Amino acid sequence: MEYKFSGTLTLKDYIQCCQIFNRKRNIFLAIFLYIAFLLIIFGSYDFSELKDFISDNPLNIFFVISHKEFIPYFIGITLFIIIAYFVIHPIYYMRLYKSDKMIKAERSFCITDEYINVY
């Protein structure tokens, strides 16, 4: 059985494709930002004071993380990641889509049981 059709790549499909291809990179970037933020928070404490605080009970680490200065920065980083994913990246992909003529070109596809051919 053979199917033939032609079409172009729409902006919505291109943005969705780019987001899927860059998903791992975005996840690694978010993890890196959170780890860097935690290192900055723990680096701001005096290590001897932090050691005494945690040596009493290791679960006290959560009290350090729940400090009132920590939460606004954590929310800020989270909002930055969300805004970047849903606003900044689509704008960037839209600029790429509009500047590349090969993406907007019409293509013909032929799908059979053995292969997929793109002209």
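Taking θ as phi - 60°, what are the ³J(HN,Hα) couplings along segment 77-90 by the Karplus curve (6.51, -1.76, 1.60), each to the nearest whole Hz, with x for Gly and Pro?
5, 4, 5, 4, 5, 5, 5, 4, 6, 9, 10, 6, 4, x
Compute the length gained on full extension between A84 and A105: take 0.36 nm times their separation in residues and subtract their Cα-Cα distance, giving the result in nm to one decimal.
Values: separation 21, 0.36 × 21 = 7.56 nm, distance 2.83 nm.
Once the chain is fully extended between A84 and A105, it gains 4.7 nm.
What distance in nm separates the two pseudo spin-label positions at Y3 and F21, each 7 Å out from Cα along the beta-carbon direction?
Once both label points are built, they end up 2.2 nm from each other.
With a 1.4 Å probe and every protein chain left in place, work out the accessible area per residue of segment 1-106 in Å², rounded to a whole number.
On the way: 8480 Å² over 106 residues.
Per-residue accessible area for segment 1-106 comes out at 80 Å².
Treating cross-link reach as a plain straight distance, find the lysines whose alpha-carbon is under 25 Å from the alpha-carbon of K12, omitting any fewer than eight places away in the same chain.
Reachable lysines: K4, K24, K98, K101, K104.
May I ask you to evaluate 6.51 cos²θ - 1.76 cosθ + 1.60, the Karplus curve with θ = phi - 60°, for each residue of segment 91-100 and list the ³J(HN,Hα) values in order in whole Hz, giving x for glycine and proline?
These are the phi-based 3J(HN,Hα) values: 5, 5, 5, 5, 5, 5, 4, 6, 8, 9 Hz.
Using a 1.4 Å probe on the protein heavy atoms, what percent of the accessible area of segment 66-119 belongs to carbon and sulfur? Write down the numbers at each step before the final one.
Working: 2890 of 4300 Å².
Carbon and sulfur atoms account for 67 percent of the accessible area of segment 66-119.
Relative to 2.2 N^0.38 Å, what does the C-alpha radius of gyration of the chain come to as a ratio? Two decimals please. Write out the running numbers ahead of the final one.
Working: Rg = 23.9 Å, N = 119, 2.2 N^0.38 = 13.5 Å.
Taking N as the residue count of the chain, the ratio is 1.77.
In whole Å, what are the Cα extents of segment 23-64 along the three principal axes, biggest one first?
41, 19, 11
Using the C-alpha atoms of segment 73-119, what convex hull volume per residue, in cubic angstrom, is computed? Working shown, then result.
Working: hull volume 5.0 nm³, N = 47.
Once divided by residue count, the hull of segment 73-119 is 106 Å³.
When the helix-only estimate is applied to the chain (DSSP H runs of n ≥ 4, each -39,500 (n - 2.57), divided by the residue count), what is the mean residue ellipticity at 222 nm, nearest 500 deg cm²/dmol? Don't skip to the answer; put the middle values down first.
Values: 7 runs with 76 residues, N = 119.
Counting only the DSSP helices, I get -19500 deg cm²/dmol.
The values are calculated or read from the model by the stated rules, or taken from the named source; none is laboratory data. None of the values given here were measured: they were computed from a predicted structure. In this analysis, Cβ positions are derived from the backbone assuming ideal geometry, glycine residues included, and neighbour counts consider all displayed protein chains. Ligands, DNA and RNA are stripped out before the accessible areas are found, and what is left, the full protein with its side chains, is counted by its heavy atoms. Shrake-Rupley method; radii C 1.70, N 1.55, O 1.52, S 1.80 Å.
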